[in-house]
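Shown next, in structure tokens, is the structure this report addresses.
The values are calculated or read from the model by the stated rules, or taken from the named source; none is laboratory data. Every value quoted in this text rests on a predicted model; they were computed, and no experiment measured them. Heads up, the Cβs are rebuilt from the backbone with ideal geometry, glycines too, and the neighbour counts pull from every protein chain shown. All accessible areas refer to the heavy atoms of the entire protein, side chains included, with ligands and DNA or RNA removed. Shrake-Rupley method; radii C 1.70, N 1.55, O 1.52, S 1.80 Å.
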Amino acid sequence: MKHERHATIRDLLDRAPIGNQDELRRKLASRGFHVTQATLSRDIRELHLSKGPAGYAAPRFAAVAEDDSGPGIREVLRAFGLEARQAMNLLVLITTTGSAQPVAAGIDYEEWPEVLGTIAGDDTVLVICPDEKQARALRTRIEGYIG
């Protein structure tokens, strides 16, 4: 899904200038990609888009590697995750000190359907799930990644 969305963003930018994120979000929605502001910001960063007076522009070099975005969620959780606790539809992830932000960003990046959102502190990430069953399934997956 992400690769198709990135291709669509590049196509939209090739066709016409796009002045701001909201305009880009609306154009993506018209093509069937309904994304949050956080996802759109990540896409802009990953695609190395720049914003000038005319709006967003794709980089002038030929191609941007899709795999240059850093380690995957497995590696991030294995390195920084310590424990996952469940409280109904909420998960509290305990991380090493100063690691909650990259863990939360990694979870957001995955766009898992069980995740409605994350909030990160210094060593704790709150993961909000739609219901208890999905939180339990996600906790099991995360515990498997933590090891």
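The figures follow:
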read-out: Cross-chain or 6+ apart pairs with Cβ under 8 Å, the stretch 22-38 first and on the phi > 0 side of the Ramachandran plot, then open to solvent by less than 40 Å² (accessible area, probe 1.4 Å) and at pLDDT 95 or above; value: none
read-out: Qualifying helices (runs of 4 or more DSSP H) (wholly inside the stretch 1-53; at least 1 residues being over 21 Å from residue 105 (Cβ atoms) and modelled with pLDDT of 90 or more); value: 2-15, 21-30
read-out: Residue in the stretch 58-71 that is modelled with pLDDT under 80, among the acidic types (Asp, Glu) and open to solvent by less than 60 Å² (accessible area, probe 1.4 Å) present; value: yes
